[in-house]
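For reference, the structure is listed below as structure tokens.
Computed from the coordinates by the stated procedures, all read-outs in this text should not be read as laboratory data. Not measured: the values here are computed from a predicted model. All Cβ positions, glycine included, derive from the backbone under ideal geometry; neighbour counts span all protein chains shown.
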Amino acid sequence: MDFLHYFKSRQGEMVRLLKEIVGRESPSGEKKAVDACSSYVIDELKKAGAKITRFPQKELGAFYLAEYPSTGLKEKKEQILILTHIDTVWPVGKIREMPFYVSENKVFGPGVLDMKASLVMAIYSIKALKELNIQPKKKITVFINSAEEIGSDTSYDAIRNLSKKSDYVLCLEPSLPGGALKIQRKGRIVIRLETKGKAAHAGTPEKGINAIDELMLQLARIQKLKTKEMTINTGMIGGGEKPNIVAEKAWVVLDIRFWEKIQKERLITSIKRLKPILKGAKIKFSIESFTPPMEKTEASTDLLSEVKKIASYLDMKLETGKAGGGSDASIASSLGIPTLDGLGPDGEGIHAENEHLILSSLIERTALLTEILIRL
């Protein structure tokens with residue numbers, strides 16, 4: 001079957017579906033909006049013959065799992081897990097400033113690349129299997145995360161559990177610009193550091209202990225831990241009450257990125273060893289969130305080799321590269337499950353107002369995904 005021709009002939013309807021999904025804005029923190037968008041996507045997956053499982057959430061939008069086919073495969077681990085997310089970084093109303101439109105070979109709009117086009121890919125791949133009466137070798141499961149952009153322990157747990165039941169994990173995050181897959185990603189840890197001192201009048205500072213001064217001294221220490229392989233960003237900071245009061249409390253939130261888990265472990269060890277510098281001051285730190293790095297593994301390298309062979313049937317050559325940002329693929333990869341990321345379309349402007357995808361790549365990547373689902 002020539003899937004490139006098959007999906008090219010459906011390009012118009014794929015773009016219309018993408019317009020509908022992008023038009024239903026779904027910022028991570030807006031539960032009502034995310035649920036409305038998810039409901040529309042789920043209806044399309046049901047039409048394609050998928051069995052749907054809903055994971056309700058109190059504050060976040062619901063997570064969903066779509067399974068195809070729903071019967072016929074008995075082996076517990078005979079499944080391919082596809083990771084997607086429906087939430088975006090854009091607030092409700094952004095569509096008026098960043099309208100969905102097509103210009104030559106580019107499609108623009110908030111969330112169009114990151115990563116609503118990937119939902120269209122998953123839907124149309126499953127539709128093709130049903131329409132052409134093709135029985136995949138393994139059950140296909142599509143997980144739709146509603147909180148990928150902000151992180152969620154609940155979604156992480158769901159992805160871990162689903163990954164452990166899967167032979168392969170395919171993440172439909174957009175490719176690197178130019179179309180390369182992402183075989184390595186930085187891990188991320190968000191740390192909150194708090195300092196406590198003693199309040200006093202600013203005219204007699206010797207009677208107090210300035211928590212802000214202590215925090216600045218600690219930050220100078222922490223910044224020395226940076227390397228070429230590990231970045232430390234001071235993202236948020238605060239403290240004190242008034243200019244004429246010696247600050248009793250202060251805090252900072254750090255975003256730290258690294259390529260290997262061992263780098264994170266060394267960092268945590270170093271931070272645990274930090275001691276107060278000012279006499280009488282106190283410090284404490286807590287980990288607010290953690291995403292493991294996506295490191296090269298033998299299992300994922302073997303999967304990459306197989307997918308490159310499959311791509312060759314479509315006269316496609318797949319390049320590979322690294323990404324500084326994290327994704328849900330890192331969770332599956334850290335468990336040793338064969339995982340590939342960046343299988344979504346090519347484009348640019350993620351989290352920026354020029355966000356767009358290359359339309360031809362949407363067709364090519366949908367064809368590739370379908371071939372993978374059939375041949376793995």
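Spin-label model, D302/K47: points 7 Å from Cα along the beta carbon direction are separated by 4.0 nm. Taking all C-alpha pairs of segment 211-313, those more than 15 Å from each other amount to 71 percent. Fully extending the segment from S286 to I237, taken as 0.36 nm per residue of separation minus the present Cα-Cα distance, adds 16.2 nm. Think of segment 187-291 as having a plus end and a minus end, set by charges on the Cβ of Lys, Arg, Asp and Glu; of T269, G197, V253, T269 sits farthest toward the positive end of this dipole. Between A36 and D157, the modelled label-to-label distance comes to 3.0 nm, taking each label 7 Å out from Cα in the direction of the beta carbon. Taking the DSSP bridge list for the chain and keeping only pairs wholly inside it, about 75 percent are antiparallel.
The simple Förster model, with R0 at 45 Å and r as the Cβ-Cβ distance, assigns K165 and E104 a FRET efficiency of 0.60. In this calculation the C-beta distance from F55 to I150 is compared with R0 = 25 Å, giving a FRET efficiency of 0.90. Note on E229, E248, E173, E78: ascending count of other Cβ atoms within 10 Å places them as E229, E78, E248, E173, the fewest first.
Short-range pairs are left out: with C-alpha atoms under 8 Å and at least six residues apart, the relative contact order of segment 187-291 is 45 percent.
Give the separation of the Cα centroids, segment 255-299 to segment 314-338, in Å. Segment 255-299 and segment 314-338 have Cα centres separated by 24 Å. The lysines within cross-link reach of K196, meaning a Cα-to-Cα straight distance under 23 Å and a gap of 8 or more places when in the same chain, are K207, K224, K242, K249, K272, K275, K279, K282, K284. Ordering 189-201, 302-314 by mean Cβ neighbour count within 10 Å, with the highest value first, yields 189-201, 302-314. On full extension, the segment bounded by I262 and R221 gains 12.8 nm, given 0.36 nm per residue less the C-alpha separation. Summing Cβ point charges (Lys, Arg +1; Asp, Glu -1) relative to the Cα centre of the chain gives a dipole of roughly 1220 debye.
When the Gaussian network model of the chain links Cα atoms closer than 10 Å, the mean-square fluctuations of N233, N244, N145 top out at N244. Between I245 and E206, the modelled labels are 2.4 nm apart [label points 7 Å from Cα along Cα→Cβ].
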